[in-house]
1. For segment 88-107, which residues satisfy the criterion of being within 21 Å of Q483 (Cα to Cα) and either modelled with pLDDT under 95 or part of a loop (DSSP other than H, G, I, E, B) (or both)?
2. Being aromatic (F, W, Y) and buried (at least 22 other Cβ atoms within 10 Å of the Cβ) is the requirement here; does F256 meet it?
3. Would it be correct to say that T469 is in contact with a Pro (Cβ under 9 Å, 6 or more places away or on another chain) and not in a loop (DSSP other than H, G, I, E, B)?
4. Could you grab me the full set of residues in segment 158-191 that are surrounded by fewer than 21 Cβ atoms within 10 Å (Cβ to Cβ), aliphatic (A, V, I, L, M) and assigned to a loop (DSSP other than H, G, I, E, B)?
5. Looking at (1) more than 30 Å from A102 (Cβ to Cβ); (2) within 16 Å of the ligand (Cβ to nearest atom), which is the one condition that is false for R150?
6. Considering only residues that are touching a Pro at 6+ places or on another chain (Cβ under 9 Å), within 26 Å of A165 (Cα to Cα) and part of a loop (DSSP other than H, G, I, E, B), which ones fall in segment 353-406?
7. Can you find a residue that is within 15 Å of the ligand (Cβ to nearest atom), touching a residue at least 40 places away in the same chain (Cβ under 8 Å) and touching a helix residue (DSSP H, G or I) at 6+ places or on another chain (Cβ under 7 Å) anywhere in segment 230-238?
Amino acid sequence: MNADGRTRLHQTPAWSALAKHREELAGTHLRDLFAADPRRGDGYTLQVGDLHIDYSKHLVTDETLRLLRELAAATGVSGLRDAMFRGERINVTEDRAVLHTALRAPRDAVIEVDGENVVPKVHAVLDKMAAFAERVRSGEWTGHTGKRIRNVVNIGIGGSDLGPAMAHEVLRSFGDRDLTARFVSNVDGADLHEATRDLDPAETLFIVASKTFTTIETITNATSARQWLLDALGDDSAVARHFVALSTNAEKVAAFGIDTANMFEFWDWVGGRYSYDSAIGLSLMIAIGPDRFREMLDGFHLVDEHFRTAPAEANAPLLMGLLGIWYGNFHDAQSHAVLPYSHYLSKFTAYLQQLDMESNGKHVTRDGEQVDWQTGPVVWGTPGTNGQHAYYQLIHQGTKLIPADFIGFAEPVAELSGELRAQHDLLMANFFAQTQALAFGRTADEVRAEGVPEELVPHKTFEGNRPTTTVLARELTPSVLGQLIALYEHKVFTQGAVWNIDSFDQWGVELGKVLAKRVEPALTEGAEVPGLDPSTRALVAKYRELRGR
Ligand code: F6P
């Protein structure tokens, strides 16, 4: 108990019960759990929309799941969830509502913020985006010289980049192959250089994406992009045909020189990392078209409704969040791997890193008290088959417990044919084989039975008992992508609610930004920067020396 009489999370009965249960389960192997319940493979599954979610290969029993649900109940997860959906200001440190769910609500829904129904304005922006996307796709919207737009370059960073960049990659085969879409985020000039070096400025549309429109990387890149355009087209009036903005900040957009008629708006109740289904998705909508974009939003909405209404026993995001807590807080797991078996999901885990780590990388509670429990995990991973030949060794036989999500599809994308289509079975054979090996391993006796010399037996023995979730869908469509992202959004929400942290602020990124602004004059002008520590001062001096300054 605290000085003020409040019980801390790890002192609650629900937490203690889980800690005790964890001790009781110590030494239980997944092999034992499957032997005890032959129907476990079918029973520990959920179907949500198109997603078949198998959690049978987790170190849990019915009792574990019951205790985890009790923890969720004791920590008020459903209450906070309902407050979020109602538009209450659950982002306490920024005093904001958290309503990314309104971005995919149907046209006739009513969701109020401060007494105003926000759904009509969400749809007004979606309609404006759709009209613009169609004009670009059809060639009606031309560049300054009258040439058709062939290239779209999104300039943004973090939530204003990762979402559209990831989704564009995922839905490549649904896109217009005659349009090039590129994503520039890094303030390293090489990023913009490589993205534009082979493009014709007269055929290029820049989409400047920034919620605040103050992010230094984005404004710097956008300024350089404008110069690149003007150097080629030589006329300030060209900017209006080649630059549009996605932002919540009309004033800053106008100050940058983009006509606010060419601005697509969103609102402060949409967090950056929860924003790619808002105006931030314009580049994606241009690539795949408004209808596909709408299908994606419907996929999001389907899982929103599932999370909002499904009972705890059958609530997939809740379950996935609680499983993460089971490993992070009761098994000392430090990280969580997300391993997609789809080339198109190559940027998926990078996207989830921001979603999860910026949301739940917090060290104080919503009331500002230091936490005494672990919060968000390190999220990492790349497409599975490549990982198999790189870091899977550590997951299989290393000393760290790394729970992992395996995401795969029964069908390859429709565009694949012939031998490339046939390769899909091999891809998926790997997918299934890996989760089996991780769960069940190979015992020393099994290794010996294969005639392996005794001195190699320990090396070739796989302990197994490595937990995984398998998410399987028929095909990777826009709707399925929306379903997957909403699944993870609400998983992250669940964990933040249990840990009693604010999953919707990101103060931790501020200090570095402030210091970077302070350090820059030291690099360029050799200015004396007050408060520079001795290590950094010496490094800055070395940098200047290397640059001949
Ligand atoms: O610095 C972190 C951050 O604020 C992210 O949360 C956000 O997604 C990103 O920067 C970009 O911010 P903006 O969209 O305002 O440019």
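The values are calculated or read from the model by the stated rules, or taken from the named source; none is laboratory data. These numbers come from a predicted model, not from an experiment. Every residue, glycine as well, gets a Cβ built from its backbone with ideal geometry; the counts of neighbours run over all protein chains shown.
1. V98, L99, A105, P106, R107
2. So F256 fails the test.
3. Here the answer is yes, as T469 does meet what is asked.
4. Passing the criteria: L179, V187.
5. Status for R150: all satisfied but (2).
6. Scanning segment 353-406 gives P377, G381, T382, P383.
7. No.
Results for (1) of a type outside the set (A, V, I, L, M); (2) out of contact with any strand residue (DSSP E or B) (no Cβ under 8 Å at 6 or more places or on another chain), shown as yes or no for each residue.
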{"site": "N154", "(1), (2)": "yes, no"}
{"site": "P164", "(1), (2)": "yes, no"}
{"site": "V170", "(1), (2)": "no, yes"}
{"site": "F174", "(1), (2)": "yes, yes"}
{"site": "R177", "(1), (2)": "yes, yes"}
{"site": "T180", "(1), (2)": "yes, no"}
{"site": "N186", "(1), (2)": "yes, yes"}
